[in-house]
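Presented below is the structure to which this report refers.
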Amino acid sequence: MDDRELEKLGRMPIPKPDAKHRAMALDMAMSAFDEQKKSTATQGSASKNRLSLRAANFWRAMMYRKLSATPAIAGLLALPIAGYAAWYMVADTPFAIDDNRMSSDIAETAAKNDKALKPAQSGLKSEADNIDNGIVDAEPRRLQPGTTVKGAQNTTVDFPASNAQPAVSGALRAVAPGVRVEKSVMPPEPVIIAEENRDRFERVDTNPVKLALENPVSTFSIDVDTASYSFVRSSLKHNGMPNPDAVRVEEMINYFPYDWAGPDGATVPFNSTVTVMPSPWSEHTKLMHVAIKGYDVLPAEKPRANLVFLIDTSGSMNQPDKLPLLKTSFRMLLDRLDAEDTISIVTYAGSAGTALEPTKASEKAKILAVIDGLGAGGSTAGAAGIEQAYRLAGEAFVEGGVNRVMLATDGDFNVGAFDDESLKRIIEKKRESGIFLSVFGFGHGNYNDQLMQTLAQNGNGQAAYIDTVAEAQKTLVEEAGSTLFPIAKDVKIQVEFNPARVAEYRLIGYETRALRREDFNNDRVDAGDIGSGHSVTAIYEITPVGSPAVLNDDLRYRQKPAAETSGATDGEYGFLKLRYKLPDEDTSKLITTPVTTENEVDALASVSDDHRFSVAVAAFGQKLRGSDQLADYGYDRILQIAQAARGTDPYGYRAEFLSLVRIADALD
């Protein structure tokens, strides 16, 4: 056997084992062993032929016949022939088979093949009939467009109208034209290597239940981000149940627009409404619902915008739900800008580069040409890109306007001299100059949510996740005002609970927005922003004094609260305080609201659709996070509340939520 034939033999796929041939192999091995014991020949000198010699004889007979003259058919038959050859070599006992007998068998088979290779002279049925029966004419010829060759185990070969190669799957029944075999040799199953999921989320414990007597004050920063809801939706629709760490309940609640009562003018930029209602998942607790609505800036009042698109063009963005969707999203945003607004574009991949110097939005064709020409490739130098983007934002700075860097990425900052803390300090420093940062995430499998949240929170901007064109429409078109135009910054909420009426409480969500009590009055401590027309919702679950739902025993040596003796605030559940700054000011203002029994309703059905729907979303988010309080509360009951409170739904957001609850119910 020469090297060429040995190489061909080495490429033959190994037939799949089965019980019958395993038994045959064992039987042959035992027979060979018995024969060896009977032989008087010296070890290694027996005249019997080896398997490799049999293979050489077989391939020599096959390859030198006319079968090799028909490459199209030979290509289709290579796999079954290899399987047949492997079976043939171990078909008899003992292993060694007489050369003359084998040559005779091969010659007989080859003669049949020779005969089949000749053009059929007569008696042939139609081409379709012969093909359907698994018999292919010998001579290569053009088949009619759409012709299908049927093979073993429902295998088909489709011959398209073009000159493209036919699509072949499985093993054909015909080993050679006009010849059938009883069993097909199937190719080995492909090995599928699962792609590593490198999505990163901050692991934060769910807010605990607190005793009002020991910890009466709750302080946190407002949050208008929506990234968590979009990511959860994408996970449920494509990948199954979401990572619990990806679920931030406040972002899910605040994803939906609500018709809360807003302020009368821009002097006080927002209004708050507090409602106390029964909890649907516990008959012995209540919900304290805080709804905030921001002032809606009229189009004529919109300040000029100086925007820098900081676009990740690294290799990881080369997926349909990343760079192509990103480009479509920014094209949509461009349609919302005024002619005098300014656009710059910075890209980063390996190193940062300026793709577009500051340009008026009126030069739309020029801007679109740059966006359309973006391509993905290389590693990610995110830190260098941020520095370059801030430089351009500074060059085109608009006094009294909106100066914002808009980072669009999958979050893979894997190249650069800066760690997360260094990037955070850069963002904080630039924020003080009046240039803010918003973050728009794209894609699955590589999304660094933890870093994106850090950048957005410290850059006085919004963090959104865009997984569809519809989400881009919502975030950058329908809510462009709230995304781009802040009406208040560093907005903080503090609630002091009255221990005379409230035994325990817990804040639903806002785990990553918690502040220390003393941070509330410290104007140097950063907090969240509210954009034009934004609505923000926060919900506490409170346990009244004397309720069977109280989890903690009374302290033996506790002092009675002052309210128990004075009676001065007997009618109050708590005291709500909000602190904020106007966008161009550094000194905060304070709004206070007592929460009394006048804010209370007796039944959940008595509140508005918006109240009930937001409660349903809060329940769903807690359920996805695995909160103990909703362990026995089913998805079906969440669905009931949401369906009854769907109300007006012009964009279909609430209908989509209902479908997500159904999906989670089926998967959980």
> Does PHE220 satisfy the condition of being open to solvent by less than 60 Å² (accessible area, probe 1.4 Å), part of a loop (DSSP other than H, G, I, E, B) and modelled with pLDDT of 95 or more?
Replying inline: no
> Inside the stretch 276-334, can you point out the residues that are in contact with a Phe, Trp or Tyr (Cβ under 8 Å, 6 or more places away or on another chain), acidic (Asp, Glu) and open to solvent by 40 Å² or more (accessible area, probe 1.4 Å)?
Replying inline: ASP321
>> Could you check the stretch 583-597 and list, in sequence order, the residues that are within 16 Å of HIS289 (Cα to Cα) and either surrounded by 15 or more Cβ atoms within 10 Å (Cβ to Cβ) or touching a Gly at 6+ places or on another chain (Cβ under 8 Å) (or both)?
In response: THR593, PRO594, VAL595, THR596, THR597
> Any idea how many residues of the stretch 265-275 are aliphatic (A, V, I, L, M) and either open to solvent by 40 Å² or more (accessible area, probe 1.4 Å) or at pLDDT below 90 (or both)?
Replying inline: 2
> For residues in the stretch 475-492 being open to solvent by 10 Å² or more (accessible area, probe 1.4 Å), hydrophobic (A, V, I, L, M, F, W, C) and in contact with a strand residue (DSSP E or B) (Cβ under 7 Å, 6 or more places away or on another chain), which is nearest to ALA538 (Cα to Cα)?
Replying inline: ILE487
> Would you call VAL615 over 23 Å from the mean Cα position of the chain (by Cα) and in a helix (DSSP H, G or I)?
Replying inline: yes
> Counting residues that are without any contact (Cβ under 8 Å) to a residue 40 or more places away in the chain, which strands (runs of 3 or more DSSP E) fully inside the stretch 268-341 reach at least 1?
Replying inline: 270-278
> If you check LEU334 against the conditions, is it modelled with pLDDT of 95 or more and under 28 Å from the mean Cα position of the chain (by Cα)?
Replying inline: no
>> Test of understanding: among ALA365, ALA384, which residue is over 32 Å from the mean Cα position of the chain (by Cα) and either under 18 Å from THR313 (Cα atoms) or among the aliphatic types (A, V, I, L, M) (or both)?
In response: ALA365
> Cβ-Cβ below 9 Å, separation at least six or inter-chain, first residue in the stretch 652-668 and without any contact (Cβ under 8 Å) to a residue 24 or more places away in the chain and over 17 Å from ALA618 (Cβ atoms), second open to solvent by 30 Å² or more (accessible area, probe 1.4 Å) and among the aliphatic types (A, V, I, L, M): which pairs?
Replying inline: GLY652/ALA470
> Inside the stretch 493-552, counting only strands (runs of 3 or more DSSP E) that do not spill past its ends, which hold 2 or more residues that are surrounded by 18 or more Cβ atoms within 10 Å (Cβ to Cβ), within 30 Å of the chain's Cα centre (by Cα) and modelled with pLDDT of 95 or more?
Replying inline: 502-508, 535-544
> Taking only pairs six or more apart or across chains, which ones have beta-carbon atoms under 8 Å, a first residue in the stretch 449-478 that is under 18 Å from VAL402 (Cβ atoms) and among the hydroxyl-bearing types (Ser, Thr, Tyr), and a second residue that is modelled with pLDDT under 90 and buried (at least 23 other Cβ atoms within 10 Å of the Cβ)?
Replying inline: THR475/THR483
>> Looking only at residues that are closer than 17 Å to ARG404 by Cα and touching a Lys or Arg at 6+ places or on another chain (Cβ under 7 Å) in the stretch 340-379, which one is most open to solvent (accessible area, probe 1.4 Å)?
In response: GLU340
> Which ones in the stretch 567-577 are modelled with pLDDT of 95 or more and open to solvent by 60 Å² or more (accessible area, probe 1.4 Å)?
Replying inline: PHE575
> Filter the stretch 643-656 for residues that are within 25 Å of the chain's Cα centre (by Cα) and not acidic (Asp, Glu); which is surrounded by the most Cβ atoms within 10 Å (Cβ to Cβ)?
Replying inline: ARG654
>> Would you confirm whether or not the stretch 617-631 contains a residue that is without any contact (Cβ under 8 Å) to a residue 24 or more places away in the chain and closer than 22 Å to ALA246 by Cα?
In response: yes
> Can you tell me which of ALA212, ALA261 is over 23 Å from the mean Cα position of the chain (by Cα), open to solvent by less than 30 Å² (accessible area, probe 1.4 Å) and more than 19 Å from PHE620 (Cβ to Cβ)?
Replying inline: ALA212
> Out of (1) outside any helix (DSSP H, G or I); (2) surrounded by fewer than 18 Cβ atoms within 10 Å (Cβ to Cβ); (3) not β-branched (Val, Ile, Thr), the odd one out for TYR580 is which?
Replying inline: (2)
> All but one of (1) open to solvent by less than 10 Å² (accessible area, probe 1.4 Å); (2) touching a Lys or Arg at 6+ places or on another chain (Cβ under 8 Å) hold for MET406; which doesn't?
Replying inline: (2)
> Would you pick out the residues in the stretch 601-618 that are over 19 Å from PHE231 (Cβ atoms) and open to solvent by less than 10 Å² (accessible area, probe 1.4 Å)?
Replying inline: PHE613, SER614, VAL615, ALA616
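The values are calculated or read from the model by the stated rules, or taken from the named source; none is laboratory data. In this text the structure is predicted, and so the values were computed from the model without any measurement. Note that we place each Cβ from the backbone using ideal geometry, even for glycine, and neighbour counts take in every protein chain shown. In case anyone asks, the SASA skips ligands and DNA or RNA and just uses the protein heavy atoms, side chains included. Shrake-Rupley method; radii C 1.70, N 1.55, O 1.52, S 1.80 Å.
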